[in-house]
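Report on the structure given below.
The values are calculated or read from the model by the stated rules, or taken from the named source; none is laboratory data. None of these values were measured; they are calculated from a predicted model. Glycine gets a Cβ as well: all are built from the backbone with ideal geometry, and neighbour counts include every protein chain shown. Heavy atoms of the whole protein, side chains included, go into the accessibility calculation; ligands, DNA and RNA do not. Shrake-Rupley method; radii C 1.70, N 1.55, O 1.52, S 1.80 Å.
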Amino acid sequence: MTSDELILASRPTGLPGAENFTVRQVALPEPGEGEFRVRVEVISLDPAMRGWMSEGRSYVPPVEIGAVMRAFAAGTVEASRHPGFPEGSSVVGMLGARSHALSNGEGVYRIERARAPIERWVGGLGMPGMTAYFGLLRIGRPKDGETVAVAAAAGAVGQIVGQLAKLHGARAVGIAGGPEKCRLLTETFGFDEAVDHRAPDMEARLKAACPKGIDVYFENVGGPIADACYRNMAMNGRVPVCGMISTYNGESTEGLSLAAYRSILVNRLTVRGFLIFDFAADIEEALTNLGRWHEEGRLVMREDVRGGGLGAFGAVLSDLYTGANTGKLVLKLD
Ligand SMILES: NC(=O)c1ccc[n+]([C@@H]2O[C@H](COP(=O)([O-])OP(=O)(O)OC[C@H]3O[C@@H](n4cnc5c(N)ncnc54)[C@H](OP(=O)(O)O)[C@@H]3O)[C@@H](O)[C@H]2O)c1
């Protein structure tokens with residue numbers, strides 16, 4: 001039995017790409033007692049991967065050069081000596097970017113494939129969905145009639161943030177790149193307003209979309225969009241800081257302006273960073289609620305599924321940082 005593995009070959013400068021990875025084939029032993037083998041079907045592509053590819057201090061150690069690329073993935077158990085993960089069951093977890101994974105079950109969860117396509121379990125019903133859930137509901141805490149703004153709104157986390165805001169009685173304003181994504185926000189995801197951040201008058205459009213100011217700014221991107229949002233916050237606003245994708249490739253060195261900092265003081269804002277791992281104890285709650293709303297048709301989930309196998313990983317990953325993905329970006333293995 002062999003497995004194809006995606007190896008980090010070099011650390012990127014700027015955008016990551018195919019040149020940073022190689023694929024190697026390794027022999028995979030049969031599962032020992034308490035182990036099982038997963039045939040990986042989908043690999044999740046996440047903005048955080050750019051950080052994992054770099055040296056330096058972060059919330060997890062970097063992937064070493066020559067090591068298998070860290071990745072959430074989902075697939076089917078095809079051989080098992082573990083009673084909790086029988087042959088034929090479907091699973092998700094940090095299995096790595098590889099065609100087959102040997103696991104002892106640590107950090108791996110069973111999924112109910114009949115309820116949703118497998119790619120959704122690394123999207124709205126997986127880590128990004130739970131990130132939106134905890135960030136918005138535990139930190140943002142939107143109230144009836146308040147305005148929630150989120151950028152990268154057509155992406156994996158953003159699409160769920162806007163819909164959860166609506167489900168909790170708030171107005172949802174999505175910020176996204178280009179008219180097509182903006183249409184998707186209002187027509188498919190039910191946002192009240194969509195603001196194209198590529199438009200030259202982005203801030204004027206944002207102000208018009210949020211006439212009473214922004215009560216919750218769900219921070220996904222940083223940079224000039226964040227600055228405009230901070231400057232347009234309402235009194236006692238909340239900013240769950242989830243990510244700052246505009247800074248991940250080192251291309252943007254702009255910090256928040258003094259006017260944005262002043263808004264934190266004047267408007268008594270609460271700004272709080274979080275990682276999905278902070279809420280690990282409550283994953284069951286998030287999954288139950290996200291699954292229920294999804295089944296009731298109140299939570300639409302959109303994925304952007306790509307082919308091309310492990311060899312396509314680097315090129316597909318770069319799409320996250322140029323905005324070429326719409327919805328949760330996933331690589332499907334044949
Ligand atoms: N804290 C946590 O535990 C946690 C967990 C998951 C994700 N995150 C963070 O959540 C954010 C969204 O992640 P995701 O998985 O949902 O990705 P995503 O939104 O599916 O994809 C990334 C999107 O970011 C936007 N973008 C890229 N570069 C940008 C720039 N320079 N300025 C403005 N927008 C830019 C693009 O959308 P447009 O075309 O609309 O610009 C792109 O499609 C990221 O910052 C990520 O790191 C945090």
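Quick notes on this one:
- Residues that are free of Cβ contacts under 8 Å to residues at least 60 places away in the same chain and not charged (D, E, K, R), drawn from segment 240-257: Val241, Met244, Ser246, Thr247, Ser252, Thr253, Gly255, Leu256, Ser257
- Qualifying residue in segment 96-106 (condition: more than 18 Å from Arg39 (Cβ to Cβ), touching a helix residue (DSSP H, G or I) at 6+ places or on another chain (Cβ under 7 Å) and of a type in the set (D, E, K, R)): no
Results for (1) without any contact (Cβ under 8 Å) to a residue 60 or more places away in the chain; (2) assigned by TED's automatic domain parsing to the domain that holds Pro117; (3) surrounded by fewer than 18 Cβ atoms within 10 Å (Cβ to Cβ), shown as yes or no for each residue.
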{"residue": "Gly34", "(1), (2), (3)": "no, yes, yes"}
{"residue": "Ile43", "(1), (2), (3)": "no, yes, no"}
{"residue": "Pro47", "(1), (2), (3)": "no, yes, no"}
{"residue": "Arg57", "(1), (2), (3)": "yes, yes, yes"}
{"residue": "Val63", "(1), (2), (3)": "yes, yes, no"}
{"residue": "Gly66", "(1), (2), (3)": "yes, yes, yes"}
{"residue": "Met69", "(1), (2), (3)": "no, yes, no"}
{"residue": "Thr76", "(1), (2), (3)": "yes, yes, yes"}
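- Residue in segment 296-313 that is surrounded by the fewest Cβ atoms within 10 Å (Cβ to Cβ), counting only those that are in contact with a helix residue (DSSP H, G or I) (Cβ under 7 Å, 6 or more places away or on another chain) and outside any loop (DSSP other than H, G, I, E, B): Val305
- The sole residue among Ile111, Ile139 that is more than 13 Å from Ala280 (Cα to Cα), within 15 Å of the ligand (Cβ to nearest atom) and open to solvent by 10 Å² or more (accessible area, probe 1.4 Å) is Ile139.
- Scan of segment 78-98 for residues that are open to solvent by 20 Å² or more (accessible area, probe 1.4 Å) and among the small types (Gly, Ala, Ser), ordered by number: Ser80, Gly84, Gly88
- Condition met for Val271 (within 16 Å of the ligand (Cβ to nearest atom) and surrounded by fewer than 18 Cβ atoms within 10 Å (Cβ to Cβ)): yes
- Within segment 283-334, the set of residues being hydroxyl-bearing (Ser, Thr, Tyr), within 10 Å of the ligand (Cβ to nearest atom) and farther than 26 Å from Lys166 by Cα comprises Tyr321, Thr322.
- When Thr326 is tested against (1) open to solvent by less than 60 Å² (accessible area, probe 1.4 Å); (2) not assigned by TED's automatic domain parsing to the domain that holds Pro12, exactly one condition is not met: (2).
- For segment 3-32, a tally of residues being touching a Leu at 6+ places or on another chain (Cβ under 9 Å) and free of Cβ contacts under 8 Å to residues at least 40 places away in the same chain returns 2.
- Segment 210-236, subset assigned to a helix (DSSP H, G or I) and without any contact (Cβ under 8 Å) to a residue 40 or more places away in the chain, residue nearest to the ligand (Cβ to nearest atom): Gly223
- When the residues of segment 237-265 are filtered to those that are more than 24 Å from Ala204 (Cβ to Cβ) and in a loop (DSSP other than H, G, I, E, B), the one that is most open to solvent (accessible area, probe 1.4 Å) is Thr253.
- Lone unmet requirement of (1) assigned to a loop (DSSP other than H, G, I, E, B); (2) within 16 Å of the ligand (Cβ to nearest atom); (3) touching a Gly at 6+ places or on another chain (Cβ under 7 Å) for Gly124: (3)
- Filter pass, Ile283 being touching a residue at least 40 places away in the same chain (Cβ under 8 Å), within 23 Å of Gly129 (Cβ to Cβ) and outside the structural domain of Val157 (by TED's automatic domain parsing): yes
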